[in-house]
1. Antiparallel versus total DSSP beta bridges in segment 1-159: what percent is that, nearest 5?
2. Report the percentage of all Cα-Cα pairs in segment 144-207 whose separation exceeds 18 Å, rounded to a whole percent.
3. So if I take the centroid of the Cα atoms in segment 69-144 and the same for segment 1-58, what is the distance between those two points in Å?
4. Once you charge only the Cβ atoms, +1 for Lys and Arg and -1 for Asp and Glu, what is the size of the charge dipole of segment 26-117 about its Cα centre, to the nearest 20 debye?
5. Can you tell me the convex hull volume per residue for segment 1-159, based on C-alpha atoms, in Å³ to the nearest whole number?
6. Could you please state how large a percent of the accessible area of the chain is carbon and sulfur, counting protein chains only and using a 1.4 Å probe?
7. Going by average Cβ neighbours within 10 Å, how do the peptides 171-181, 131-141 rank, with the highest at the top?
8. Where both partners of a DSSP beta bridge lie in segment 79-207, what percent of those bridges are antiparallel, to the nearest 5?
Amino acid sequence: KSVVTGNYIDNSFIEWTNEHDAAPDFSSEFSFGGLTITGNIFTVNDAASWFSWIVIKPFGNGHFIQGLSVTGNTFKSLNGTTDRIEQVDDSIAPLVRGSFRNIVFDGNTFNGIGQVTQNPAMVQFDQASYAATWTIDFAGYLPFGGKAREVESVVAEGAVLNASSAAVFAMPYATTEVGGSQDQISLTWPEPVRGRIHVTARTDKPV
């Protein structure tokens, strides 16, 4: 039940841990949740590229994120590029990325940041050759190395064409958690096609 709002956070970061829990492993309780970070200015100067402003560090196994909102913030790195704004410190225990729920990263601005973080994340994808299965990569966009667990929308920009250059109006079906890191989704069409689409996916589920 914490709110971080309207601050100027300079060369510092927010570390979210459960280090004071006498039994830190997850056991039918609330996990990392109930945190809102909004309307802040985050800046850093001359930092290593691996620096991040939002760090989750579990001190026990089995934990996940079950309620986090990061909206309307400004992130700026000076005299160097910061790889990304958030990360998991898994030096003691990892997060269970397949159990993320109710996570929003939206409306933030990024300057001097190598990779934008979004959830939900929208990716424009171009398929230049004819293929019945298209694989769309969301790696990097999803927070905390999350999996691509849900597809919210698939919208074609212009016509999707088959090998006869005829427009295809069928909808593909989506397969989530594709690839070694499970951060891709695949779309399967009824025939080989090419074109441009916009796909929105999430790393979390509502329940």
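The values are calculated or read from the model by the stated rules, or taken from the named source; none is laboratory data. Remember, predicted model here, so these are calculated numbers, not experimental data. Glycine gets a Cβ as well: all are built from the backbone with ideal geometry, and neighbour counts include every protein chain shown. These area figures cover heavy atoms from the full protein model, side chains too; ligands, DNA and RNA do not enter into them. Shrake-Rupley method; radii C 1.70, N 1.55, O 1.52, S 1.80 Å.
1. 5
2. Here the tail beyond 18 Å accounts for 42 percent of pairs.
3. 16
4. It comes to approximately 120 debye.
5. 144
6. 50
7. 131-141, 171-181
8. Looking only at bridges with both residues in segment 79-207, the antiparallel portion is about 95 percent.
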